[in-house]
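These notes concern the structure reproduced below.
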Amino acid sequence: MGRSLLSSTVIPVRFPQIPKSIPPLDRSIHPIPPTFALNSQRIRGFSIPTKTFCTKAVLSESPNPKRYPKMGSDSVGPIPPSQLIQVVEHAANTGAQVVMEAVNKPRNVTYKGLTDLVTDTDKMSETAILEVVRKNFGDHLILGEEGGLIGDTSSDYLWCIDPLDGTTNFAHCYPSFAVSVGVLFRGKPAAAAVVEFVGGPMCWNTRIFSATTGNKVLSNELYLMHILYSNYEIKVGNVILTVYLFLGGGAFCNGQKIHASQTDLVEQSLLVTGFGYEHDDAWATNIDLFKEFTDVSRGVRRLGAAAVDMCHVALGIVEAYWEYRLKPWDMAAGVLIVEEAGGTVTCMDGGKFCVFDRSVLVSNGVLHSKLLERIGPATEKLKKKGIDFSLWYKPENYNTDF
């Protein structure tokens, strides 16, 4: 149960009847209320017994005995969420159109390393995505896999773009690649879209995953999207407060809401991991983890596209994914989609995650602690060896909330 900011242990709540269909918000009728105060302190949220009421805006009880901190942003900032996610999805779809036009054509492959490929399609997809972002938000900062850092580092927004996640798969026509676009607000994921390519040669198709952060703060700074907007009376002693409730966020696939699986046994789980191009100590450690979990689970897959792997966790078809040494553009979209689908995201040592970290573990939530029993100690051993787990690819002077 989330910790309430009210001292009362019992809070009677009177709910008006919620209509079956919610009309579009008319702010002339329903103005966004001011932040409430009690005993000269700002009330930032309420914890209500889950037997009475449960929403994304209120923390609910979880079968997982350990709670991990959320890594998504508290809000999307001053841009209305509906506007931001519309542009994010448009940008991802624009890049995906470029990829789709090339998917059955010969590839022009060059190398960034011995086995690290890049194609003309990667570059063309990123160019198309950049045009969409610049047209709509010309003052935002952009971090692309191919083009690097572009824009004003004083911006609160950072777009992390992977124009073709899983380039090697694309080069071989192997169906596990995607276009990934994630937006950070002050360093934390706020909106995301991943267009996954499914099928195979002569039958390619796509599906789009998307998410926006659920607004976790009740205040007059909120902007609303997908909105259930209503008011409730909460009685605290002799004081009755009118509370405005906002339901936003969530993860979606082709417009339908998705949720991570509820499998709570490792032996009944299907897991996914990934391996980088550098065969160093972290790579060797993950080979060992791969072997360990293969022995105790239904299997461990290695598909080769981080954004796709994380979306599969959110979709509930696999239970967890982990990897060392990913970049912000690999993770920014996928981690938010997992979290908004009810999953959990941490570093591989169990610590709080940010997209500039060098390890990530995402799961359905209920398995997270069990997975960390093996993954955590292995990661701690790497740290004791002096392996660098400091933040990387964080733009200098970029404002963050951490």
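The values are calculated or read from the model by the stated rules, or taken from the named source; none is laboratory data. Owing to the predicted nature of the structure, the values given are computational and were not obtained by experimental measurement. Here the Cβ positions follow ideal geometry from the backbone for every residue, glycine too, while neighbour counts run over all protein chains shown. All accessible areas refer to the heavy atoms of the entire protein, side chains included, with ligands and DNA or RNA removed. Shrake-Rupley method; radii C 1.70, N 1.55, O 1.52, S 1.80 Å.
Which of the numbered conditions does Y277 fail, given that it passes all the others? Conditions: (1) at pLDDT below 95; (2) open to solvent by less than 10 Å² (accessible area, probe 1.4 Å).
Answer for Y277: the failing condition is (2).
Could you say whether any residue in the range 318-338 is out of contact with any helix residue (DSSP H, G or I) (no Cβ under 7 Å at 6 or more places or on another chain), surrounded by fewer than 22 Cβ atoms within 10 Å (Cβ to Cβ) and at positive phi?
no
Residues of the range 249-264 being part of a loop (DSSP other than H, G, I, E, B) and either crowded, with 21+ Cβ neighbours inside 10 Å or in contact (Cβ under 8 Å) with a residue 24 or more places away in the chain (or both), which ones? Outline the logic, then answer.
Applying the first criterion (part of a loop (DSSP other than H, G, I, E, B)) to the range 249-264 yields 249-250, 254-255, 258-264.
Within the range 249-264, G249, G250, N254, I258, H259, A260, S261, Q262, T263, D264 meet the criteria.
Could you please let me know if A190 is part of a helix (DSSP H, G or I), under 24 Å from D357 (Cβ atoms), open to solvent by less than 10 Å² (accessible area, probe 1.4 Å) and modelled with pLDDT of 95 or more? Walk me through it before giving the result.
Working: part of a helix (DSSP H, G or I): no; under 24 Å from D357 (Cβ atoms): yes; open to solvent by less than 10 Å² (accessible area, probe 1.4 Å): yes; modelled with pLDDT of 95 or more: yes.
Considered against the rule, which asks whether it is part of a helix (DSSP H, G or I), under 24 Å from D357 (Cβ atoms), open to solvent by less than 10 Å² (accessible area, probe 1.4 Å) and modelled with pLDDT of 95 or more, A190 comes out as no.
Which of the residues belonging to the range 85-97 are in contact with a helix residue (DSSP H, G or I) (Cβ under 9 Å, 6 or more places away or on another chain) and either part of a loop (DSSP other than H, G, I, E, B) or surrounded by 23 or more Cβ atoms within 10 Å (Cβ to Cβ) (or both)?
Matches in the range 85-97: V88, A91, A92, G95, A96.
Which of the residues belonging to the range 265-316 are closer than 24 Å to P175 by Cα, without any contact (Cβ under 8 Å) to a residue 24 or more places away in the chain and either of a type outside the set (S, T, Y) or in contact with a helix residue (DSSP H, G or I) (Cβ under 6 Å, 6 or more places away or on another chain) (or both)?
I287, F290
Let me confirm something: among I161, I142, which residue is crowded, with 19+ Cβ neighbours inside 10 Å, without any contact (Cβ under 8 Å) to a residue 40 or more places away in the chain and assigned to a strand (DSSP E or B)?
On the way: I161 fails: without any contact (Cβ under 8 Å) to a residue 40 or more places away in the chain.
Among I161, I142, only I142 is crowded, with 19+ Cβ neighbours inside 10 Å, without any contact (Cβ under 8 Å) to a residue 40 or more places away in the chain and assigned to a strand (DSSP E or B).
State which residue is nearest to E146 (Cα to Cα) when the search covers only the range 367-394 and only residues that are open to solvent by less than 20 Å² (accessible area, probe 1.4 Å) and of a type in the set (V, I, T).
If we take residues in the range 367-394 being open to solvent by less than 20 Å² (accessible area, probe 1.4 Å) and of a type in the set (V, I, T), then T379 is nearest to E146 (Cα to Cα).
Scan (1) open to solvent by 20 Å² or more (accessible area, probe 1.4 Å); (2) closer than 23 Å to L164 by Cβ; (3) in contact with a helix residue (DSSP H, G or I) (Cβ under 8 Å, 6 or more places away or on another chain); (4) not small (G, A, S) for the single condition T344 breaks and write down its number.
Condition (2) is where T344 drops out.
Report whether or not V118 is open to solvent by less than 10 Å² (accessible area, probe 1.4 Å) and in contact with a His (Cβ under 9 Å, 6 or more places away or on another chain). Explain how you work it out, then say what you get.
Working: open to solvent by less than 10 Å² (accessible area, probe 1.4 Å): yes; in contact with a His (Cβ under 9 Å, 6 or more places away or on another chain): no.
No: the conditions fail for V118.
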